[in-house]
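Report on the following structure.
Where a number appears in this text, it was derived from the coordinates with a stated rule and is not lab data. Remember, predicted model here, so these are calculated numbers, not experimental data. Neighbour counts are summed over all protein chains in view; Cβ atoms, including those assigned to glycine, are modelled from backbone coordinates with ideal geometry.
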Amino acid sequence: MKKLILIMVVCVVSVVAFQSSTVTVKPTTVPAPVMPEVMKFAGEELNLDRFDLYERLDREIISLSYGHTNTLLTIKRANRYFPEMAAILKSEGIPFDFVYLAATESHLDPKAVSYRKAAGFWQFMPKTAEEYGLEVNSYVDERYHLEKSTRAACRYFKRAYKKYGSWVAAAASYNAGMARISNAFDDQQIDSVFDLYLNSETSRYICRLYAFKTVMENPQKYGFKFTPEQLYQPIACREVKVTGEVKSWVEWAKQNGTTYQMVRLLNPWIVNSTLPNTKGHTYMVKVPKPESIYRSKQSIKTFNENWIK
């Protein structure tokens, strides 16, 4: 009987203690991202008054606003890669906004690989890469070479623009292929990409371009805040010409005052520990300057001031 009374007392005390320690938790506020009335990509305006366009773009803006990891990393990486990428696009006569296509394709991860084996900033498939002048084999994969892959992408964009007279259509064909976009225009008898009925992937892809541009141009408007030091800085390098065989990139790195790790990190197009180079190609290999390796010695630069305002 005493044991029963003791158990009852313990239970009552526990209930009282639990009730007294209960904290009222307020529901988390999840604000809907602000949607602009009009968006532009490469000078082509998109009015969101039409309900379906508004809802498609709204989906992508929400995805980027609350997909925090990838969006944060993409903006951080953009500070490192956009300067070189933008300069190449300008020299090739391609609108600046195509930097956002690279962001859409790879989140600006230089080693990005899709389940379909597309690779690099611009996600070239092996066959397409070779068609546009990139070397792809067991030792060298220039899909991971920032300058060469960007120039190859530019060649594609110029060809597609010549065909369609629209940069947005050129961008859509980059995802779906020119044949599919051309057939869709012919079959559906219209001349605007946004009036095409396309597969879900390509339909989302086009809207995602506009969404990436919108969020990355004004990240704080969508909840992303950075200090200049948090953005990844460009790495200052010197280039060493290689015209012959490299029996060991490890030894080559030591001879050039760096490490194998740094050689592979800054030259992701090197995909093997050796380079037979039987055809005698010329390669420019980046070697980091000492002041760029350490964050405390880097010169802090911000590509887009809106990222830190």
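Annotations
- Assessment of segment 91-100 against the conditions (out of contact with any Leu (no Cβ under 7 Å at 6 or more places or on another chain) and of a type in the set (Phe, Trp, Tyr)) yields no matching residue.
- In segment 195-220, the qualifying residues are those that are surrounded by fewer than 20 Cβ atoms within 10 Å (Cβ to Cβ) and among the small types (Gly, Ala, Ser), and the one that is nearest to the chain's Cα centre (by Cα) is Ser203.
- If you go through segment 251-301 and pick out every residue that is at positive phi and surrounded by 11 or more Cβ atoms within 10 Å (Cβ to Cβ), you end up with 2.
- Every pair of residues 6+ apart whose Cβ atoms lie under 9 Å, when the first sits in segment 237-256 and is free of Cβ contacts under 8 Å to residues at least 40 places away in the same chain while the second is basic (Lys, Arg) and surrounded by 15 or more Cβ atoms within 10 Å (Cβ to Cβ): Trp249/Arg264; Ala253/Arg264
- Hey, Thr302 touching a helix residue (DSSP H, G or I) at 6+ places or on another chain (Cβ under 6 Å), hydroxyl-bearing (Ser, Thr, Tyr) and without any contact (Cβ under 8 Å) to a residue 40 or more places away in the chain or not: no
- Within segment 81-127, the set of residues being surrounded by 19 or more Cβ atoms within 10 Å (Cβ to Cβ), farther than 19 Å from Glu217 by Cβ and of a type in the set (Asp, Glu) is empty.
- From Thr202, Thr214, Thr258, residue being polar (S, T, N, Q) and part of a loop (DSSP other than H, G, I, E, B): Thr258
- Filtered by the rule that a residue be of a type outside the set (Gly, Ala, Ser) and surrounded by fewer than 22 Cβ atoms within 10 Å (Cβ to Cβ), segment 61-74 gives Ile62, Tyr66, His68, Thr69, Asn70, Leu72, Leu73.
- Verdict on Trp249 being of a type in the set (Phe, Trp, Tyr) and more than 28 Å from the chain's Cα centre (by Cα): yes
- All conditions but one from (1) buried (at least 16 other Cβ atoms within 10 Å of the Cβ); (2) out of contact with any Pro (no Cβ under 9 Å at 6 or more places or on another chain); (3) part of a loop (DSSP other than H, G, I, E, B); (4) not β-branched (Val, Ile, Thr) apply to Phe226; the one that does not is (2).
- The set of residues in segment 154-176 that are surrounded by 14 or more Cβ atoms within 10 Å (Cβ to Cβ) and part of a loop (DSSP other than H, G, I, E, B) contains only Ser166.
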